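Written out below as structure tokens is the structure these notes cover.
Throughout, read-outs are computed from the coordinates displayed, never taken from laboratory work. Please read all numbers here as calculations on a predicted model, not as lab measurements. As a convention, Cβ positions derive from the backbone with ideal geometry for all residues, glycine included, and neighbour counts pool all protein chains shown.
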Amino acid sequence: MGSYNILVAEMECPRCQRLAECEVEFKLGRLDLRTYRLGEALEWAGGNGRKPLRRPDGGNARTEGYADCPQCGRDFWVTIHVQDDRLAVVVPDPARPGYI
């Protein structure tokens, strides 16, 4: 079993300000290296020791994610919002520094 999931989403890189389709690693729900897109339902079962282990009330949650920009090669952090069990919004966090 994997230790994270992947969200593929188009967003503006906070490092180079270019629009790109990014792969965001995140740890929420069933962690099995599944690839999601915005709008898809997140599987909650089997959280692999991460919280929430079960579906939160209303299927709403927020978590962080980590991505590399395919345009500039630099990394950045994002916030992912889950609403009604669906991956609803991903927002880059320009205040949080990357490693690269």
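Couple of notes before you dig in:
- Gap separating the Cα centres of the stretch 13-46 and the stretch 80-100, nearest whole Å: 9 Å
- Size of charge dipole - the chain - debye, nearest 20, with Cβ of Lys, Arg +1 and Asp, Glu -1, no other charges: 280 debye
- Unit charges at the beta carbon, dipole of the chain: most positive-side option, Cys22, Gln71, Ala45: Ala45
- Calculated on the alpha-carbon coordinates, the convex hull of the stretch 5-92 measures out at 73 cubic angstrom per residue.
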